[in-house]
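**Student:** I'd like to ask some things about the structure below.
The values are calculated or read from the model by the stated rules, or taken from the named source; none is laboratory data. Owing to the predicted nature of the structure, the values given are computational and were not obtained by experimental measurement. Note: ideal-geometry Cβ built from the backbone for every residue, glycine included; neighbour counts use all protein chains shown.
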Amino acid sequence: MKNYNIALIPGDGIGNEVINEGVKVLKAIEKMDDNLSFSFKSFPWGCEYYLETGEMMDEDGIDKLKGFDAIYLGAVGYPGVPDHVSLRDLLIKIRREFDLYVNLRPITLLNEGLTPFKDKRKEDIDFLVIRENSEGEYSGAGEWLYKGEPEEVVLQTGVFSRKGTERIIRYAYEEAHKQGKTLTSVSKGNALNYSMVFWDEVFEEVGKEYPDVKTYSYLVDAASLYFVSDPGRFEIVVTSNLFGDILTDIGAGITGGLGLATGANINPEKNYPSMFEPVHGSAPDIAGQDIANPLAAIWSVSQMMDYFEEKEWGEIILKAIVTILNDKDVLTSDLGGKASTSEVGDHFIKLLEKYE
Ligand code: NAI
Ligand code: MG
């Protein structure tokens, strides 16, 4: 019997609502699979916690999380706490401290009715974005000079270390090699004359170790166009932290929206717990109404199962998502249905039980 220890950080707004449904799915799996069990511990960190204590997480929060097998996070950020505080002091802190340098974001059309394109089929939109997740434009390096003066200057430095750039690019080549897929690097060497010229060089260098992998290299502006006009050309994409953040929201836009987009934050060496979360935020506009779509958070559970090497469950969850998407009656309003968050979760579990 394998037991996995999972730290829950539901966070703010709809984070709580969607994580509840994901936990229901995990508990259902535990019931159906005699060889698997999960233990949960929930941490109350987030913006409410910040307003009470002045901290987004406990001072020794990182130590508290260290021993877990995985972290399952909802969303952080809420009106009343500046977004750069909430995001940096919880989510980005965990990504950084646990060296979760790989962010895996599948862009897969699970149901043809969900794309804004009239003529796109499932096989036209099915790729994986591998986003650098530990440095780049989100490293927090910079300077704010002469604040409030007419000479005011701010610098936001993109940090691209040899180690950080090489390891994400190598990870992407490894995936492309293993899966027999093409690899596309997205950068911006024509305008960012240090960081992205370096990125392109490393992409070429590491590529020499993988002669079997067919590669493409696009500027991020052109890549944004292709995400919309010709997504079929992508199989595996590797890109920097900022570009990956933006591109994957475009990816969500062409595959059913934020209610369906998932992201795994991985430390491939398994020195630290990896973290699984829906891509969306806390959605204050719909929080507390029981209408948030829990399927992105449930897809995160599928990614967690893959990471635990319980791949059969990973696949079963994904299949059940494909099935539930065929039935508008049991979907939330962002996907054209009328169901509540918990109704989607309850129906989902009935589907899972059928696959058992
Ligand atoms: P958001 O992702 O929370 O919402 C954008 C839009 O998508 C809203 O109209 C929302 O109602 C809708 N939406 C998002 N998730 C949905 C779901 N599961 N079901 C149905 N509709 C959904 O992004 P926004 O509004 O820019 O940010 C709100 C807060 O969340 C901010 O404080 C921001 O910093 C934070 N945020 C946190 C993230 C994280 O924790 N990973 C990621 C993005 C934003
Ligand atoms: Mg984002």
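**Student:** Being free of Cβ contacts under 8 Å to residues at least 24 places away in the same chain and touching a Ser or Thr at 6+ places or on another chain (Cβ under 9 Å) narrows it down to one of 197, 202, 220, 237, so name that one. Explain how you work it out, then say what you get.
**Tutor:** Values: 202 fails: free of Cβ contacts under 8 Å to residues at least 24 places away in the same chain; 220 fails: free of Cβ contacts under 8 Å to residues at least 24 places away in the same chain; 237 fails: free of Cβ contacts under 8 Å to residues at least 24 places away in the same chain.
The unique qualifying residue is 197.
**Student:** Then there is this: Here is a check on your reading of the model: is residue 127 more than 20 Å from the chain's Cα centre (by Cα) and in contact (Cβ under 8 Å) with a residue 12 or more places away in the chain?
**Tutor:** Working: more than 20 Å from the chain's Cα centre (by Cα): no; in contact (Cβ under 8 Å) with a residue 12 or more places away in the chain: yes.
No.
**Student:** Go through the residues of the range 298-320 one by one and say whether even a single one is at negative phi, within 12 Å of ligand 1 (Cβ to nearest atom), buried (at least 22 other Cβ atoms within 10 Å of the Cβ) and of a type in the set (A, V, I, L, M, F, W, C).
**Tutor:** yes
**Student:** Search the range 244-263 for residues that are modelled with pLDDT of 95 or more and pair each with any residue that is of a type in the set (Ser, Thr, Tyr) and within 9 Å of ligand 2 (Cβ to nearest atom) when their beta-carbon atoms are under 6 Å apart and the residues are at least 6 apart or on different chains.
**Tutor:** Matching pairs, first to second residue: none at all.
**Student:** Take the residues in the range 336-356 that are among the hydrophobic types (A, V, I, L, M, F, W, C) and in contact (Cβ under 8 Å) with a residue 60 or more places away in the chain, then tell me which one is surrounded by the fewest Cβ atoms within 10 Å (Cβ to Cβ). Write out each step before concluding.
**Tutor:** Step one: filter the range 336-356 for residues among the hydrophobic types (A, V, I, L, M, F, W, C), giving 339, 344, 348-349, 351-352.
Subsequent filtering for residues that are in contact (Cβ under 8 Å) with a residue 60 or more places away in the chain retains 344, 348-349, 352.
Details: 344: 25, 348: 24, 349: 19, 352: 23.
Only one residue fits best here, namely 349.
**Student:** Of the residues that sit in the range 246-281 and are assigned to a strand (DSSP E or B) and among the small types (Gly, Ala, Ser), which one is nearest to ligand 2 (Cβ to nearest atom)?
**Tutor:** Pass one, the range 246-281, residues assigned to a strand (DSSP E or B): 262-266, 274-278.
Next cut, among the small types (Gly, Ala, Ser) only: 263-264, 274.
Values: 263: 8, 264: 14, 274: 18 Å.
Among them, the one singled out is 263.
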